[in-house]
Amino acid sequence: MTDAVITQRGLPAAAVTQRLSRDDWIMRAFVVLVGVWMFVVVLLPLYFMMSKSVQDPDGNFVGLANFREYFATPALSYSIHNSLYIAVISTIITVSLAFVYAYALTRSAMRAKGVFRVIALFPLLAPSLLPAISFVYLFGKQGVITWLLMGNSIYGPIGIVMGEVFYTFPHAMMILIVALATADARIYEAAISLGASKPRIFFTVTLPAIKYGLVSAVFVVFTLVITDFGIPKVIGGQFNVLAVDIYKQVIGQQNFEMGAVVSVVLLIPAVIAFVADRIVQRRQVALITSSSVPYQPKPSALFDRAMFAYCALIAFMILGILGMAVFASFVTFWPYNMSLSLNNYNFDVMDGGGWEAYWNSLRMAGYTALFGTIIIFTGAYMVEKVKGFRLARNVIQFLCMLPMAVPGMVLGLAYIFFFNHPDNPLGVIYGTMTILVIVTIAHFYTVSHLTAMTALKQMDPEFESVSASLKVPVLKTFLKVTVPVCLPAILDISIYLFVNAMTTVSAVIFLYAPETTLASIAALNMDDAGDVAPAAAMCTMIVLACAIVRVLHAAASHGLERTTQAWRKR
């Protein structure tokens, strides 16, 4: 086909080869830039952080002395046990609840599936501080339903587990919905025709088919829980966990070396869970073939009612937790003056950052969504479409996957050591909005990169081949063909980055300056100062901003789908 086009155009093959070579070198240059970017914003900071863990305050190498000191301190080393305990319990509860919820949405014929699915995603719009604050108002000493705890305190492992279940539920549900949705009806029809009972079909057909998705959900929830900072900071009380220990060592005691040690300790289970998840996903095989028949759940009055009741209960609890925080933000003075007012929204008279922190978050999230989407999608395009260069591409793919295994607290502390180093010329961005944008893009890079790669892999390589044969520059092909085709994925990346930038706490807790305080940090500072209701108000404003942007994203996606994605329809 290339020769025919060349003949029709009357172009010499040498010219096309030369142009292809020039474009190829341009793309390779961009691939190298992606590698340099990931090396600077992820790998080098981690190296500086790990180096700090084996140094004394003067920068002298002390080997494993800091680690020996850490494990010799019972109060510190016991945090490992606490973190693992919380992570395991939360994972078991979350995955169990999410599995039944996802099963109801995919394998029943109940009503209002769309409503229940949307409600289950609400926790994604809130910072992890919000459920902790809500539980204080619900189960604290002056809570609405404190009696339900039967004398137990919400401040400690009970509160942390409850908060983590709320925070991680939508993550597990989304994974399990995808796993349960890929079912071949022919297998179930064969099992029924052979006389298998419903419990036997469930254990011999359904569970084996989703085992990889189930394991992936377990590892994702485990990683999110063990690396979370917001919930244990607000409601953990004296129950120390690793993420809070890093904060206490760095902010409370200015002991950066011990903070680096705790970071390395926290990094180990996160990396193990990440590697295990990658291995599980690689072993997954295709369950849907060209001859598969989509599974359609058949109505069953008793089963559908039971699933509807279960989903309604979970949805009610999610809305109740969110609603409690919103309601508390309007109460004048809990619990003595329950009249509603906007006093708690007067952030400028509160400790934490004022309304400026909220506008900072909106700006930071906007910059992250804009520049992050450009960097990530362009980088993924170059890595996926460049010819040859296999070793460099494999190295960069590894670097792009690395941020998912690095907890936000660890990455934030690593940025202190790297960007605040006196010999680093990039230190000029320390304490500015720029470093907050960079660390947020780096922290959430992996999921966005995988989204972009998935969209790009769906495009036939012939697009680039035909463009090259017609002497169309690679940049023009990228802007005129690739971007319009992948526009839905690009919008998904942008909204993902925006929402996470608005709600993140751990990655930016060490890097903000007084003039760059963010809304999530302001909420944390308000809670520390005892202004719990204003903290709830700030969290409510974060949820409101994320919800508005989500609605705008849905409207934009729908409109762009009609104008730029019409080719997808028959």
So if we plug the beta-carbon distance of Ile92 and Gln296 into 1/(1 + (r/R0)^6) with R0 = 45 Å, what FRET efficiency do we get, rounded to 0.05? 0.90
Using the per-residue mean of other Cβ atoms lying within 10 Å as a proxy for protection, in what order, highest first, do the peptides 448-455, 319-326 fall? 448-455, 319-326
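Output the pairs from Lys211/Lys387; Lys198/Lys298; Lys113/Lys457; Lys298/Lys457 with a Cα-Cα distance over 24 Å in this structure; if there are none, say none.
Numbers: Lys211/Lys387 36 Å; Lys198/Lys298 13 Å; Lys113/Lys457 31 Å; Lys298/Lys457 35 Å.
Lys211/Lys387; Lys113/Lys457; Lys298/Lys457, as the Cα separations exceed 24 Å there.
Apply 1/(1 + (r/R0)^6) to the Cβ-Cβ distance of Trp25 and Phe61, taking R0 = 41 Å, and write down the FRET efficiency to the nearest 0.05. Numbers along the way, then the final one.
Numbers: r = 42 Å, r/R0 = 1.03.
Rounded to the nearest 0.05, the efficiency is 0.45.
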Added length on full extension, which subtracts the Cα-Cα distance from 0.36 nm per residue, Val178 to Met338: 53.2 nm
Excluding residues fewer than 8 places away in the same chain, name every one of the lysines whose C-alpha is closer than 20 Å to that of Lys248. Lys52, Lys233
To the nearest 20 Debye, how big is the dipole of the chain about its Cα centre, given +1 on the beta carbon of each Lys and Arg and -1 on that of each Asp and Glu? 2360
Taking the mean number of other Cβ atoms within 10 Å as a proxy for protection, how do you rank 420-430, 35-45, 510-520 from highest to lowest? 510-520, 35-45, 420-430
With the crude spin-label approximation of a point 7 Å out along Cα→Cβ, what separation in nm comes out for Leu450 versus His558? 2.9
Taking each full run of DSSP H in the chain as one helix, which ones are at least 27 Å long along their axis (Cα atoms) and have mean Kyte-Doolittle hydropathy of at least -1.0? 13-38, 74-107, 157-181, 256-283, 301-330, 354-385, 532-564
Given a Förster distance of 51 angstrom, what is the FRET efficiency for Arg363 paired with Leu149, based on the Cβ-Cβ distance and rounded to 0.05? 0.80
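Taking square-rooted eigenvalues a ≥ b ≥ c of the alpha carbon gyration tensor, is region 75-190 rounded, prolate or oblate, where a/c under 1.5 means rounded and, failing that, a/b exceeding b/c means prolate? Intermediate results must be reported in sequence, preceding the final value.
Details: a/c = 2.64, a/b = 1.80, b/c = 1.47.
Cα axes put region 75-190 in the prolate bin.
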Want the number for Val481 to Asn420: 0.36 nm per residue separation, take away the alpha-carbon distance, what's left? 17.8 nm
Approximate spin-label separation Tyr85-Ile429, in nm, with each point projected 7 Å along Cα-to-Cβ: 4.1
With unit charges on the beta carbon (Lys/Arg positive, Asp/Glu negative), name the residue among Ala306, Phe256, Val100 whose Cα is farthest towards the positive pole of the charge dipole of region 71-334. Ala306
Using modelled backbone amide H atoms (1.01 Å from N, in-plane), which distant-in-sequence or interchain residues come within less than 5 Å of Gln55's amide H? Val62
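Dipole size in debye (nearest 20) for region 71-334 around its Cα centre, Lys and Arg Cβ +1, Asp and Glu Cβ -1?
My answer is approximately 720 debye.
Before anything else, pin down the relative contact order of the chain: Cα pairs under 8 Å, at least 6 apart, normalised by residue count, whole percent. Mind showing how you got there, number by number?
Numbers: 777 pairs, mean separation 130.4, N = 570.
With pairs under 8 Å counted, the relative contact order is 23 percent.
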Through the Karplus equation 6.51 cos²θ - 1.76 cosθ + 1.60, θ set to phi - 60°, convert the phi angles of region 146-151 into ³J(HN,Hα) values in whole Hz; use x for Gly and Pro. 4, 4, 5, 7, 6, x
In Hz, Karplus ³J(HN,Hα) per residue of region 53-59 (6.51, -1.76, 1.60; θ = phi - 60°; x = Gly, Pro): 5, 10, 10, 8, x, 8, x
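Given 0.36 nm per residue, what is the gain on full extension from Asp348 to Leu121 after removing their alpha carbon distance, in nm? Numbers along the way, then the final one.
Numbers: separation 227, 0.36 × 227 = 81.72 nm, distance 3.12 nm.
Extra length from Asp348 to Leu121 when fully extended: 78.6 nm.
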Label-point separation in nm, Ala72 to Leu544, each point 7 Å along Cα→Cβ: 5.4
What does the highest-first list of 214-226, 91-103 look like by mean Cβ count within 10 Å? 214-226, 91-103
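Where a number appears in this text, it was derived from the coordinates with a stated rule and is not lab data. This structure is a prediction, so every number in the text was calculated from the model and none was measured. Heads up, the Cβs are rebuilt from the backbone with ideal geometry, glycines too, and the neighbour counts pull from every protein chain shown.
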